[in-house]
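Before any comments, here is the structure.
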Amino acid sequence: MDGIMYDAQRQGRISFYMTHYGEEALIGIAAALDSEDVVFGQYREAYMFLYRGLTVDECVSQCFGNELDMNKGRQMPVHYGSKKYNFQTISSPLATQIPQAAGSAYALKMAGNRNISVCFFGEGAASEGDFHAGLNMAATLSCPVIFICRNNGYAISTPSSEQYKGDGIASRGLGYGIDTIRIDGNDIWACYNATKKAREIAVTSNKPVLIEAMTYRAGHHSTSDDSTKYRNKKEVADIIQNDNPITRLRHYIENHGWWSQEDEDACRKQARKTVLDSFASAEKKKKPALENLFTDVYDELTPNLEAQKKELRELIAKYPEYYPTDEFKSSI
């Protein structure tokens with residue numbers, strides 16, 4: 001999906017995209033959680049959605065912002081969110097989700113339902129003030145939350161060597177009195193086992209846990225970025241060749257006799273067909289109804305929103321050549 005959607009953006013068919021290249025082993029985290037645990041993501045957690053049941057059709061529709069988009073065309077591509085899958089809508093500004101996750105975990109503790117919050121962020125976001133506020137709040141209020149720092153080496157163009165001088169992010173958790181572990185983020189089993197134990201601690205002890213997953217962002221930060229301007233291509237190639245999380249898992253299951261080249265070929269062929277079919281369908285869908293410009297903020301439209309809606313309706317009627325509505329599911 002990443003490859004096809006990235007190319008689609010380059011062709012001008014969607015506006016933006018972010019890939020997961022190099023960080024695929026983090027899906028092990030998704031497998032260790034309960035489906036009712038509330039997730040606060042950053043940018044590269046599409047695997048969490050897919051693991052919980054979101055379809056490729058739904059992912060692609062969100063990237064196109066069409067009539068089937070769960071966010072009704074109001075978000076940037078890959079900024080997923082779903083009440084059904086207990087995943088809070090992704091916010092572009094860095095680290096806003098960290099104190100929110102602490103507050104959500106406190107509410108879950110008060111409700112007594114033995115579920116937790118899970119919060120993803122990068123090592124760059126850990127330089128934001130919200131990181132410190134969120135961890136301190138979680139520690140002092142004994143909130144059942146797992147903070148997962150995806151330390152992939154780069155905060156857009158800033159390497160981690162210029163981001164901090166201390167011992168990564170894990171040492172900061174210890175400073176707040178939070179149980180902390182650093183793991184190999186390219187090892188799916190490490191991701192799974194660490195998260196499983198962290199969840200056990202969070203649920204049984206009502207305590208936050210910090211996991212620092214050491215991985216590597218093999219792709220560009222986003223389609224707005226060209227990482228060749230600030231890192232050597234050989235550096236990326238060496239990581240892909242020697243520490244590719246997908247290759248590592250494949251070797252593991254092949255050595256156990258659970259996978260073969262035939263399985264690999266069939267899986268890749270089917271996956272590509274699924275994404276291409278979803279892409280072709282989503283691209284033809286209409287945009288969300290214009291009504292969605294005004295809904296879902298207030299229970300009932302306020303007078304100023306009613307006035308704006310009336311003005312838009314009049315403009316569409318007066319200047320149909322400038323305000324065509326045939327591309328939308330419905331007009332207003």
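The values are calculated or read from the model by the stated rules, or taken from the named source; none is laboratory data. The structure presented is a predicted model; accordingly, all values stated were derived computationally and were not measured. Glycine gets a Cβ as well: all are built from the backbone with ideal geometry, and neighbour counts include every protein chain shown. The accessibility values were calculated without ligands, DNA or RNA, using every heavy atom of the protein model including side chains. Shrake-Rupley method; radii C 1.70, N 1.55, O 1.52, S 1.80 Å.
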Log entry, pairs with first residue in the range 193-208 being within 20 Å of Gly103 (Cα to Cα) and touching a residue at least 24 places away in the same chain (Cβ under 8 Å), second being among the hydroxyl-bearing types (Ser, Thr, Tyr) and assigned to a loop (DSSP other than H, G, I, E, B), beta carbons closer than 7 Å, six or more apart or on different chains, reads Asn206/Ser142; Lys207/Ser142
When restricted to Ile316, Ile332, the only residue touching an Asp or Glu at 6+ places or on another chain (Cβ under 6 Å) and farther than 30 Å from Met1 by Cα is Ile332
Just to be sure, is Asn71 in contact with a helix residue (DSSP H, G or I) (Cβ under 8 Å, 6 or more places away or on another chain) and either open to solvent by less than 10 Å² (accessible area, probe 1.4 Å) or on the phi > 0 side of the Ramachandran plot (or both)? no
Take Ser205 and decide whether it is at pLDDT below 95, open to solvent by 30 Å² or more (accessible area, probe 1.4 Å) and not aromatic (Phe, Trp, Tyr). no
Residue identified as within 13 Å of the chain's Cα centre (by Cα) and aromatic (Phe, Trp, Tyr) among Tyr6, Tyr80, Tyr106: Tyr80
Here are some residues: Asn244, Asn232. Which one is open to solvent by 20 Å² or more (accessible area, probe 1.4 Å) and closer than 22 Å to Tyr51 by Cα? Asn244
Scan the range 51-73 and report the pairs whose first residue is in contact (Cβ under 8 Å) with a residue 12 or more places away in the chain and whose second residue is surrounded by fewer than 19 Cβ atoms within 10 Å (Cβ to Cβ) and among the acidic types (Asp, Glu), with Cβ atoms within less than 7 Å and a gap of 6+ or a chain change. Phe64/Glu283
Okay, helices (runs of 4 or more DSSP H) sitting entirely in the range 124-176 with 3 or more residues that are modelled with pLDDT of 95 or more and among the small types (Gly, Ala, Ser), I get 129-140, 170-175
Say we look at the range 1-45 and pick out the residues that are touching a residue at least 60 places away in the same chain (Cβ under 8 Å) and among the acidic types (Asp, Glu); which of these is surrounded by the most Cβ atoms within 10 Å (Cβ to Cβ)? Glu45
By residue number, the members of the range 200-237 that are among the polar types (S, T, N, Q), in a loop (DSSP other than H, G, I, E, B) and farther than 25 Å from Ile188 by Cβ are Asn206, Thr223, Ser224, Asn232
Quick one: how many residues across the range 296-321 are surrounded by 13 or more Cβ atoms within 10 Å (Cβ to Cβ) and either in a helix (DSSP H, G or I) or in contact with a Leu (Cβ under 8 Å, 6 or more places away or on another chain) (or both)? 6
